[in-house]
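Enquirer: Here's a structure for you.
The values are calculated or read from the model by the stated rules, or taken from the named source; none is laboratory data. Every value quoted in this text rests on a predicted model; they were computed, and no experiment measured them. Backbone-built Cβ (ideal geometry, glycine too); neighbour counts: all protein chains shown.
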Amino acid sequence: MAHANFLLIETTAVFIALAALILYPVAMHISNGKHRKWPFHRYIFWFAGVILAALTLTGPLAQLSHTDFTAHMMGHLLLGMLAPLILVFSKPMTLLMRTLKVPAARKLSRLLNSRYARLVTNPIVAAILNIGGLFLIYLTGLFTLMHTSAWLYALVHLHVFLAGYLFTISLIYIDITTHRYNFMYRAIVLILVLGFHKVLSKLIYAAPPDGISKGAGESGALLMYYGGDVVDLGLIVILCWQCYQAHTPKTQKTAGPV
């Protein structure tokens, strides 16, 4: 029964991924009929992000992650860090706003301007949801439980993805952002999260979750430590570039090469 439930989760993930890959170009077509042509390269970002996220729940990597802690950690990096960063560049919320009819777009706009949206997109709140969830997964019995319950497994992975996406959009403003925070605040939050991410990696290295051997725990922790650095570097570069752009006079911006 457990195996059947996990198979159902994988099948569901495939259908969701396929639907996402199809609906985005449909939205592009509708949007192009109303507004300026939507850049095709944004679909490339969407395609890459969706595929990376789907790989963590279906296919060889997903199968291996149940028995190989390093494969599991690779999935964590793809689902919670790299996929959200790539998806942000596809600007899905902007495309959705361009696609919806005016009444529906206004309702969505009110939702994005709500107190709840302001709360969850606050960088410190998004950071707690993101890194706090990881501490719960790896330092409690949750890691073991999610590999015995398919639905808990799905919920945990959904949280990792959504929390990673919220954290990403709370730091870098590429898609629609209704509540903006200054660069210093976002930079401080990012530095704190980087520190906590490294602390968690070292804790896993020293004491892996139940059922994980010392060697497997060390290998997975090293991947988390150094693999996270690669994605974090991307966040740092983008945040610094946006800060530079915001504080550079327009005359200087236009003077450079196009």
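Enquirer: Out of Ser109, Ser114, Ser90, I need the residue that is among the polar types (S, T, N, Q), buried (at least 20 other Cβ atoms within 10 Å of the Cβ) and farther than 30 Å from Gly215 by Cα. Which one?
Expert: Ser90
Enquirer: Filter segment 16-56 down to the residues that are in contact (Cβ under 8 Å) with a residue 60 or more places away in the chain and either in contact with a Leu (Cβ under 8 Å, 6 or more places away or on another chain) or part of a helix (DSSP H, G or I) (or both) and list them by number.
Expert: Tyr24, Ala27, Met28, Ile30, Ser31, Trp38, Ala53, Thr56
Enquirer: For segment 105-135, how many residues meet the condition of being farther than 15 Å from Leu166 by Cβ and either of a type in the set (Asp, Glu) or at pLDDT 95 or above (or both)?
Expert: The qualifying residues number 1.
Enquirer: Ok, one more. Only residues in segment 105-123 that are more than 24 Å from Ala187 (Cβ to Cβ) and part of a helix (DSSP H, G or I) count as the first member; pair them with residues that are modelled with pLDDT of 90 or more and basic (Lys, Arg), Cβ under 8 angstrom, at least 6 apart or cross-chain, and list the lot.
Expert: none
Enquirer: Please enumerate the residues belonging to segment 67-104 that are polar (S, T, N, Q) and without any contact (Cβ under 8 Å) to a residue 12 or more places away in the chain.
Expert: Thr67
Enquirer: Just the residues that are farther than 23 Å from Ile16 by Cβ and of a type in the set (A, V, I, L, M, F, W, C), please, taken from segment 143-173.
Expert: If the condition is that a residue be farther than 23 Å from Ile16 by Cβ and of a type in the set (A, V, I, L, M, F, W, C), then Phe143, Leu145, Leu171, Ile172 are the ones that fit.
Conditions tested, residue by residue: (1) without any contact (Cβ under 8 Å) to a residue 24 or more places away in the chain; (2) surrounded by 12 or more Cβ atoms within 10 Å (Cβ to Cβ); (3) among the hydrophobic types (A, V, I, L, M, F, W, C).
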| position | (1), (2), (3) |
| --- | --- |
| Leu171 | no, yes, yes |
| Val193 | no, yes, yes |
| His197 | no, yes, no |
| Gly215 | yes, no, no |
| Ala246 | no, no, yes |
